[in-house]
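Visitor: The structure is given below, and queries will be raised subsequently.
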Amino acid sequence: MKFKVGDRVVASGNYHDEQLGQFATADVQTIIEIQSTDLEGTSGQWVKTDHEPSWTDSYWFDLAE
């Protein structure tokens, strides 16, 4: 699924490293920036949200209901 700026999403998994004690938030987040990528092994779209300021593969998000 391709997202657009303003979409409200929730994490579909933990995109942070559990072994370091870092966990993704379960809150509803809003996409604030999108970057397309052709990097092999990714969804082809990276996003930033209002809760996560670093680039994260959109694979880790689902639309919020």
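Only the coordinates and a few stated rules stand behind these numbers; no lab work does. The shown structure was predicted, so the numbers you read here are calculated from the model rather than taken from an experiment. Please note: Cβ atoms are built from the backbone with ideal geometry, for glycine as well, and neighbour counts cover all protein chains shown.
Visitor: For D57, D27, what ranking results if the residue with the fewest other Cβ atoms within 10 Å of its Cβ goes first?
Guide: In increasing order of surrounding Cβ atoms, one gets D27, D57.
Visitor: Apply the Karplus parameterisation 6.51 cos²θ - 1.76 cosθ + 1.60, with θ equal to phi minus 60°, to every residue of the range 29-39 and state each ³J(HN,Hα) to the nearest whole Hz, in sequence, with x for glycine and proline.
Guide: Working through the residues one at a time gives 10, 10, 6, 10, 7, 9, 9, 7, 9, 10, 5 Hz.
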